[in-house]
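Asker: Sharing a structure, written as structure tokens. Questions coming.
The values are calculated or read from the model by the stated rules, or taken from the named source; none is laboratory data. Small disclaimer: the values here were computed from a predicted structure and weren't measured. All Cβ positions, glycine included, derive from the backbone under ideal geometry; neighbour counts span all protein chains shown.
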Amino acid sequence: MRTPPILLLSLLILVLYHPPSSAVDFIFNGFEPADLNLYGDAILEPEPGPGRRYLSLTNASAFSLGRALYKSKVPAKSSASAGGVLPFSASFLFSIAPIPGVLPGHGLAFLFAPAAGTLGATSSQHLGLFNMTTDSDPASRVLAVEFDVFENQEFNDINANHVGVDVNSLTSVSAYPAGYWPDDPSSPFVNLTLNDGSNYQAWVDYSGGRLNVTMAPAALGRKPRRPLISIRLDLSTVFLNEMFVGFCAATGMLVEHHRILGWSFSNSNFSAGDGLITSDLPNFKPSQPRSSSKSKAVVAGISLAAAILVISGAAVALLVVLRRRRRRKNRMIEENGRGGDGAMEDWELEYWPHRIGYREILAATEGLSAKNLIGYGGNSRVYKGILASAEVAVKVFSQSGADEARQFAAEVSSLGRLKHRNLVGLRGWCRTRRAPAAGGGSGDEIMILVYDYMENGSLDNWIHAASEPLDWGSRVRILKDVAAAVLYLHEGWGEARVIHRDIKSSNVMLDRWMAGRLGDFGLARAHPQGRALGTTRVVGTAGYLAPELFRSGRTTAATDVYAYGVLALEVVSGRRPVEEGRPPLVGWARGLAAAAAAVDPRVRGVVGLDEAEAERVVVLALACTVVDPAARPTMRQVARALEAGDEKVDGEDGESGEAWLLDARLGSGMVGPDPKFWGPTGTHQHLTFEELRQSLSSSMTLSDSDIITEGR
């Protein structure tokens, strides 16, 4: 019997166009509460049109954060698809609108996330995607397309108006200025301003291992043929079998509105976005006052007169600038005595923009007056000054030998390029010579560094010299700040890994908000990622030095971790690492019967002390100070453990924040072969804090006194 042609056609249509059972398709022209799960400040608001509601991710306040996810997980991986990742096509209508009288920022993102909620994400430059520890962590399992209106040097942003593809990090794997390519090949690229209040449509398509991102004004009504970004991207290690999909946005001190007006998503239909209604959308552009023809004429006349004045003024200003520049050049030559053995070195040329004239520094500090002296060390003095209407700290090296010159160059070449909120900012530097004595000679060399002024001094003073003890909450917050700074040095600076080599309480400064900032990079060394530093002489401060330094002289990230662990014990206990007549701090803490006994007696029993948190910090500090450097946690694990304990972040498999402290490497590195810590199949099981403390004690083969003796 012959099959009717109409039946064959129907079967063919079913085979070709019926999506797999696991596929998801939806289109929202406006939203209903049942469509989305909302977190943070995200809400649904009515549009001006009848019966439609749009998604507002942030409100008009500073540091607002919102996230909205589809009501259930969507399939992301299938063994039947290439590379295990299902194709998808998403399109959405969005608007980023300024608030009159307020500087705008920061941006929104379309994202895939492994779990519901905000997952500990923070606002401001993190866009509600990550926080300081989850950023750049492969365990985050986040794919995002960001629409960012703030240029952040920390994440190597290309400008303050760009679209970027983010994989587990806000440092985009690919980015391009916001805009689109017209379909006419002869037409130039059209730039678009993301946060001018316009309505835009974006498309994010993934198929066959390629991700395409496209955007255009919603009024265009169609998808440009050429994508804005097109990259090969393997998502098989990013996606779980099912993922949540949605949007997030954040503000900081910069504030703007972030809205989603419509959204489509499909695993099979790459034209689903055509179903979004792009006409009769609400207008979020700030209103402009209307002007009459008469006022236009007045404005035109004023503009013409102003233009004439500007041109005349510019000509005069140019002459003045050229004259001042010539005078300044002559003055700098006179001040700095360049020529002969005072010729500029290569590294000075690279950092010339940070140079500050010696006379400016003398004026800022009232001639390096003794009344402005705020501190001194073995080879330097620090003065308070006023430079460009801002308070600064001026560090003047007392000597000008080879060691001081190396420390000076290290600070300028490292801290001069490092940008992080928990590092002491280097404002500038000066290198010159004093006037020669009457008998002749070249005069002594002067080396000066100018930093941001830290109103609350050093952590060392607050722990050991303050009349009132530092409260517990401030101690933990400062330890988190320092952990974030060291994590940035080890992993966050794209050019190289920086080893600080002198982490200690006197090098942690506190700003006006009592935020911790790590400073003094005189001993810091940078080396390419993946390459170890060579053997050097042992440098640092007694009590903070890792034991392996005395054996090999080799500095690694693990030696910084050790110093951080000592710092953490110092902050918790109020004891110095080494004190005459008392056992070394690390050995003393490890010998205590309970972690609570390590807490500074001045805050023990005071309201605000979290005993469980104190135990976490002590155990973490002990983990950082084990003898075997390979058994220490990384700074990423340290920072995550501190943050997880506070925010109760859940891991991918539902782990509690406590379990984050004892992840696979941290646990297996410190645990001996005792089978009670391993499951029946050999899989790692998380330890309790008491088990970890006991394993740390039993794993020590050297006492601190042995280490010091061996070092000698």
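The rows are residues; the columns are (1) under 16 Å from the mean Cα position of the chain (by Cα); (2) crowded, with 24+ Cβ neighbours inside 10 Å; (3) at pLDDT below 90; (4) aromatic (Phe, Trp, Tyr).
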{"position": "Leu129", "(1), (2), (3), (4)": "yes, yes, no, no"}
{"position": "Ser136", "(1), (2), (3), (4)": "yes, no, yes, no"}
{"position": "Gln153", "(1), (2), (3), (4)": "yes, no, yes, no"}
{"position": "Asn159", "(1), (2), (3), (4)": "no, no, no, no"}
{"position": "Ser174", "(1), (2), (3), (4)": "no, no, no, no"}
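Asker: Among the residues of segment 493-500, is there at least one that is under 22 Å from Val617 (Cβ atoms) and at pLDDT 80 or above?
Answerer: Looking through segment 493-500, at least one residue is under 22 Å from Val617 (Cβ atoms) and at pLDDT 80 or above.
Asker: Could I ask something else about it? For segment 537-596, list the helices (runs of 4 or more DSSP H) that sit wholly inside it and hold at least 3 residues that are among the hydroxyl-bearing types (Ser, Thr, Tyr); which are they?
Answerer: Passing ranges, in order: 557-573.
Asker: Give Asp234, Asp274 a once-over and let me know the one that is among the charged types (D, E, K, R), out of contact with any Leu (no Cβ under 7 Å at 6 or more places or on another chain) and surrounded by 14 or more Cβ atoms within 10 Å (Cβ to Cβ).
Answerer: Being among the charged types (D, E, K, R), out of contact with any Leu (no Cβ under 7 Å at 6 or more places or on another chain) and surrounded by 14 or more Cβ atoms within 10 Å (Cβ to Cβ) holds for just one of Asp234, Asp274, which is Asp274.
Asker: Also: Counting only residues that are surrounded by 21 or more Cβ atoms within 10 Å (Cβ to Cβ), over 29 Å from the mean Cα position of the chain (by Cα) and touching a residue at least 40 places away in the same chain (Cβ under 8 Å), how many does segment 202-222 have?
Answerer: Total meeting the criteria: 1.
Residues are listed down the side, and each one gets a yes or a no for (1) surrounded by fewer than 24 Cβ atoms within 10 Å (Cβ to Cβ); (2) farther than 18 Å from Pro577 by Cβ:
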| residue | (1), (2) |
| --- | --- |
| Asp460 | yes, no |
| Ala466 | yes, yes |
| Ser474 | yes, yes |
| Ile478 | no, no |
| Leu489 | no, yes |
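Asker: Restricting the first residue to segment 355-372 and requiring it to be without any contact (Cβ under 8 Å) to a residue 24 or more places away in the chain, which pairs with a second residue that is assigned to a helix (DSSP H, G or I) meet a Cβ separation below 7 Å and a spacing of at least six or different chains?
Answerer: Glu366/Asn372
Asker: Let me ask another. Pairs under 6 Å by beta carbon, first residue closer than 12 Å to Asp460 by Cβ in segment 490-519, partner at pLDDT below 90 and of a type in the set (Asp, Glu), six or more apart or different chains?
Answerer: These pairs meet every condition: Asn507/Asp520.
Asker: Can you confirm whether segment 46-64 contains a residue that is within 13 Å of Gly246 (Cβ to Cβ), at pLDDT 95 or above, in a loop (DSSP other than H, G, I, E, B) and not β-branched (Val, Ile, Thr)?
Answerer: Yes: segment 46-64 contains one or more residues that are within 13 Å of Gly246 (Cβ to Cβ), at pLDDT 95 or above, in a loop (DSSP other than H, G, I, E, B) and not β-branched (Val, Ile, Thr).
Asker: Can you name every residue in segment 460-484 that is within 19 Å of Gly565 (Cα to Cα) and of a type in the set (D, E, K, R)?
Answerer: Asp460, Arg475, Arg477, Lys480, Asp481 - these are the residues of segment 460-484 that are within 19 Å of Gly565 (Cα to Cα) and of a type in the set (D, E, K, R).
Asker: Right, another one. Give just the number: which of (1) under 25 Å from Lys480 (Cβ atoms); (2) in contact with a Cys (Cβ under 9 Å, 6 or more places away or on another chain); (3) of a type outside the set (A, V, I, L, M); (4) part of a strand (DSSP E or B) does Gly128 not satisfy?
Answerer: Tallying (1) under 25 Å from Lys480 (Cβ atoms); (2) in contact with a Cys (Cβ under 9 Å, 6 or more places away or on another chain); (3) of a type outside the set (A, V, I, L, M); (4) part of a strand (DSSP E or B), Gly128 fails exactly one: (4).
Asker: Still on this structure: Tell me, please, whether a residue that is closer than 30 Å to Asn267 by Cβ and touching a His at 6+ places or on another chain (Cβ under 7 Å) can be found in segment 88-103.
Answerer: Checking segment 88-103: at least one residue is closer than 30 Å to Asn267 by Cβ and touching a His at 6+ places or on another chain (Cβ under 7 Å).
Asker: All but one of (1) within 30 Å of Pro100 (Cα to Cα); (2) in a loop (DSSP other than H, G, I, E, B); (3) at pLDDT below 95 hold for Ser236; state the number of the condition that does not hold.
Answerer: Every condition holds for Ser236 apart from (1).
Asker: Among the numbered conditions (1) in a loop (DSSP other than H, G, I, E, B); (2) surrounded by 23 or more Cβ atoms within 10 Å (Cβ to Cβ), tell me where Arg67 comes up short.
Answerer: In the conditions (1) in a loop (DSSP other than H, G, I, E, B); (2) surrounded by 23 or more Cβ atoms within 10 Å (Cβ to Cβ), Arg67 misses (1) alone.
Asker: Report, by residue number, each residue of segment 241-271 that is surrounded by fewer than 16 Cβ atoms within 10 Å (Cβ to Cβ) and within 20 Å of Leu143 (Cα to Cα).
Answerer: Once the filter is applied, which keeps residues that are surrounded by fewer than 16 Cβ atoms within 10 Å (Cβ to Cβ) and within 20 Å of Leu143 (Cα to Cα), segment 241-271 yields Asn241, Glu242.
Asker: Counting only residues that are of a type in the set (D, E, K, R) and surrounded by 23 or more Cβ atoms within 10 Å (Cβ to Cβ), which one in segment 558-604 is farthest from Ser506 (Cα to Cα)?
Answerer: Ranking the qualifying residues of segment 558-604, first place goes to Asp560.
Asker: Are there any pairs, at least 6 apart or on different chains, whose C-beta atoms fall under 9 Å, with the first in segment 169-184 and part of a loop (DSSP other than H, G, I, E, B) and the second among the hydroxyl-bearing types (Ser, Thr, Tyr) and surrounded by 15 or more Cβ atoms within 10 Å (Cβ to Cβ), and if so, which?
Answerer: The qualifying pairs are Ser169/Ser136; Ser169/Ser140; Leu170/Ser136; Thr171/Ser136; Ala178/Tyr200; Trp181/Thr214.
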